[in-house]
Amino acid sequence: MLALASAPAFGLVFALALALALAPRPAPAAQERPRPSSPPSPIVIVAPRAPTPDPRFTALPALLIENQTTRERRELKLYDAFGAIDEQAATALDALLCDARKPKQRATTRIDRRTLQLLFKAAYHFRSYEVEVVSAYRKPGRRREGPHGQGSAIDFRLRGVSAKELASYLRDIPRTGVGIYTHPKTQYVHLDSREHSFHWLDASPPRRHWREKSIGGKELVKRDAEYRPASDLPL
């Protein structure tokens, strides 16, 4: 009796299950495709601009410099096209401006670069492109040789320019040592670079040394205080 009573219920469950199995299923939701990632921004490398030559320096002519002891000469420009000191040229001047008092034992040193700058500045100022160097580096021995022994001094003449004119011009430059040698057989100017200016006159003949006469006064202190490296440039 129990089995007969449950038959209709079983048939109903079976019919529902069959209907569910045969019913159309909804289409699965379309999966959103991943968007392609945008390509990375290209890395732009900006090359540094090449420095531009300065026409003020490219226009400067070479100087013909002679060591009057050795009679050797070199034609050189101290500055490159960008206004920097050309170390190759400066090194050539180190060799040219040697101490050749003993010809077989020449002595050289690194000539003070600012002294070289002032030498070239004076030549360009007077438009005198031939420089006669009487003495530059002097190796210390029995004598200390002062700034010459340190490679910071040059005694020289400019072709076509009097010693008086040259010394007067150099004395207006701050932080300099400027001596004028006025004897008829000397007639040259001493130039060196120093912290505190000192200017003098020396009338002694060659191979003699008389007492120097100091030139200048309090105005030198003020001028030295106003010194700027740019004032050494030949512009």
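The values are calculated or read from the model by the stated rules, or taken from the named source; none is laboratory data. Please read these numbers as outputs of a predicted model, since none were measured by experiment. Neighbour counts run over all protein chains shown; Cβ positions are idealised from the backbone, glycine included.
Close Cβ contacts (under 9 Å, 6 or more residues apart or on different chains) running from residues in the stretch 36-57 that are at pLDDT below 80 to residues that are surrounded by 10 or more Cβ atoms within 10 Å (Cβ to Cβ) and hydrophobic (A, V, I, L, M, F, W, C) are absent. Do we have any residue at all in the stretch 151-167 that's more than 18 Å from Ala122 (Cβ to Cβ) and charged (D, E, K, R)? No, the stretch 151-167 contains no residue that is more than 18 Å from Ala122 (Cβ to Cβ) and charged (D, E, K, R). All told, Gly149 meets the bar of being surrounded by fewer than 18 Cβ atoms within 10 Å (Cβ to Cβ), at pLDDT 95 or above and closer than 19 Å to Asp94 by Cα. When Ile154, Ile215 are screened for being among the hydrophobic types (A, V, I, L, M, F, W, C) and at pLDDT 95 or above, only Ile154 passes. From the list Ala21, Ala30, the lone residue that is at pLDDT below 95 and assigned to a loop (DSSP other than H, G, I, E, B) is Ala30. The selection criterion, being closer than 19 Å to Tyr227 by Cβ and in contact with an Asp or Glu (Cβ under 7 Å, 6 or more places away or on another chain), does not hold for Ala107.
The residue pairs whose first member lies in the stretch 178-199 and is within 14 Å of Leu166 (Cα to Cα), whose second member is among the basic types (Lys, Arg) and assigned to a loop (DSSP other than H, G, I, E, B), and whose beta carbons are closer than 6 Å, counting only pairs six or more residues apart or on different chains, are Val178/Arg171; His199/Arg171. If I ask for residues that are among the β-branched types (Val, Ile, Thr), in a helix (DSSP H, G or I) and within 24 Å of Thr186 (Cβ to Cβ), which ones from the stretch 84-126 would you list? Once the filter is applied, which keeps residues that are among the β-branched types (Val, Ile, Thr), in a helix (DSSP H, G or I) and within 24 Å of Thr186 (Cβ to Cβ), the stretch 84-126 yields only Thr115.
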